[in-house]
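Written out below as structure tokens is the structure these notes cover.
What follows is calculated from the coordinates using simple rules that are stated; it is not laboratory data. Fair warning: this is a prediction, and the values are worked out from it, not measured in the lab. Heads up, the Cβs are rebuilt from the backbone with ideal geometry, glycines too, and the neighbour counts pull from every protein chain shown.
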Amino acid sequence: MASITEKRLSLHRRVEVQQHQNEALKSQLVGLQHLANIGTVSHMIAHEMNNLLTPMKSYATFALDNPDDRALTEKALRKAANNCERASKIMESMLALVNGEKQEKTNVRLIDLIEEIFTCLCRDFAKDGITVEIQVPDDLAVFVVPVQIQQVLMNLILNARDAMLPRGGVLTIKANEADETVDIEVADTGDGIKPTDLENIFETFFTTKADKNSPAEDSGAGIGLAFCKMIIDGHRGCISVESKPGNGSNFKINLPKPKSGSS
């Protein structure tokens, strides 16, 4: 009888030890997750800042190369200043997004967001042999955090451009209103995405731009589309892609319709 009691006590002590070890492991996992979040945020910020720093450099170069053209210099510096302000908003937005902070949504015209993106890019896509077709009704509104949705669309637009280099092609951006959603599509006529890559396309750090001989300006860090999905999920929408090798890609975004009376 005493032996059974001793065995029970020994087993109980082992269970307690295991529980303490499990708690310690959980604590370590929380710390590691925090570090992982910091790393992800850092990658995201670097990725998005690169999208804005390139045109900012162009604006500054215009101003430096044309010191006697006051009108051009002022215009270039004004755009550079606007991009700096936008970069600040993007960093605040991204940090708030990862930290789970609530950000204010507002009704905005979708066409205004798209036109501002092309202004910020400071790149004439025609120089790359790319025709841009925008089919978005002037009065179509979305209920969103504007800077976040602009980053989603900018990522998709830049990816589409990369997919069509160096041959060129057609970039189509269209949107329409459905019963319960606003549906947006960003399509290109590039090389398309392999079926084996499609299922992983929205995973963090997964990239199809690993080819060092690719004409794209950077190899890609696998952050952009994961970031896009995070934002769309945060808007209670969904993002998907249809693509076949040789037939281009079509990214689709479905966002809830603007709430009546929302502003």
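Brief remarks follow.
- Neighbour counts of other Cβ atoms within 10 Å put 238, 228 in the fewest-to-most order 238, 228.
- From phi via Karplus (6.51, -1.76, 1.60), per-residue ³J(HN,Hα) for the range 105-114 in Hz, x at Gly/Pro: 9, 8, 7, 9, 6, 4, 4, 5, 5, 5
- Between the range 50-79 and the range 174-201, the Cα center-to-center distance that results, in Å: 34
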